[in-house]
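Colleague: I'd like to ask you about the structure that follows.
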Amino acid sequence: MHIQYLETTPGGYRPGACNIGPREIARRRAFGVAAIVGAVVLGAVLIALDAAPLARSLVLFPLWGGIVGLEQARRKFCAGFAFAGIRSVAGSDATEGVADPADLAADRATARTMVAYCGGIALALTVVFVLLPL
């Protein structure tokens, strides 16, 4: 699998590479940080409660969301927008539809790949956390 990282130009949409602008990037970054912090806090609470290993696996969900959020900010690409068939690269809250079927397919393929590998990272970290002898 090869992932191509392209630098975007202001206001530039590139199918499968860039579908969000600066405001949306900042939102993804803020969500990612908040979700990672939430996963750490949840993990600490579960440890303090001496929760069963299966219960500790709940950290997977905020961890996965946080990793996806940070990756979206890093790549300037929103998986949710790709699945919805929209983009927002103008630097405002406005979105527009992706009309070209080939562009839409490229966006959705990138989104599936991103969500999957971020999920794999979150799963691996969660397994380590669950298996720690605490």
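The values are calculated or read from the model by the stated rules, or taken from the named source; none is laboratory data. These numbers come from a predicted model, not from an experiment. Reconstructed Cβ throughout: ideal geometry from the backbone, glycine too, with neighbour counts over all protein chains shown. For accessibility, only protein heavy atoms count, side chains too; no ligands or nucleic acids. Shrake-Rupley method; radii C 1.70, N 1.55, O 1.52, S 1.80 Å.
Colleague: Would you confirm, using the coordinates I've provided, whether Gly91 is of a type outside the set (Lys, Arg), farther than 14 Å from Arg27 by Cβ and at pLDDT below 95?
Modeller: In short, no.
Colleague: Only residues in the stretch 48-72 that are closer than 21 Å to Phe31 by Cα count as the first member; pair them with residues that are open to solvent by less than 40 Å² (accessible area, probe 1.4 Å) and outside any helix (DSSP H, G or I), Cβ under 9 angstrom, at least 6 apart or cross-chain, and list the lot.
Modeller: Leu58/Ala51; Glu71/Phe77; Gln72/Ile20; Gln72/Cys78
One line per residue, one yes/no per condition, for (1) among the charged types (D, E, K, R); (2) part of a loop (DSSP other than H, G, I, E, B); (3) surrounded by fewer than 18 Cβ atoms within 10 Å (Cβ to Cβ); (4) within 18 Å of the chain's Cα centre (by Cα):
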| site | (1), (2), (3), (4) |
| --- | --- |
| Ala51 | no, yes, yes, no |
| Ser57 | no, no, yes, no |
| Leu63 | no, no, no, yes |
| Val68 | no, no, no, yes |
| Gln72 | no, no, no, yes |
| Ala82 | no, no, no, yes |
| Thr110 | no, no, no, yes |
| Tyr117 | no, no, yes, yes |
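Colleague: Filter the stretch 119-134 down to the residues that are out of contact with any Lys or Arg (no Cβ under 8 Å at 6 or more places or on another chain), in a helix (DSSP H, G or I) and either open to solvent by 30 Å² or more (accessible area, probe 1.4 Å) or more than 15 Å from Ala35 (Cα to Cα) (or both) and list them by number.
Modeller: Gly120, Ile121, Leu123, Ala124, Leu125, Val127, Val128, Leu131, listed by residue number.
Colleague: Something else: Among the residues in the stretch 94-106, are any under 28 Å from Ala48 (Cβ atoms) and at pLDDT 95 or above?
Modeller: First, pick out the residues of the stretch 94-106 that are under 28 Å from Ala48 (Cβ atoms): none.
No; the residues of the stretch 94-106 include none that is under 28 Å from Ala48 (Cβ atoms) and at pLDDT 95 or above.
Colleague: For the stretch 98-108, which positions are open to solvent by less than 40 Å² (accessible area, probe 1.4 Å), assigned to a helix (DSSP H, G or I) and among the hydrophobic types (A, V, I, L, M, F, W, C)?
Modeller: Passing the criteria: Leu104, Ala106.
Colleague: Scan the stretch 97-116 and report the pairs whose first residue is within 15 Å of Glu71 (Cα to Cα) and whose second residue is open to solvent by 70 Å² or more (accessible area, probe 1.4 Å) and at pLDDT 95 or above, with Cβ atoms within less than 7 Å and a gap of 6+ or a chain change.
Modeller: These pairs meet every condition: Ala111/Phe83.
Colleague: Further question on the same structure: Testing Ala26 on (1) closer than 30 Å to Pro133 by Cβ; (2) open to solvent by 20 Å² or more (accessible area, probe 1.4 Å), one condition comes back false. Which one is that?
Modeller: (1)
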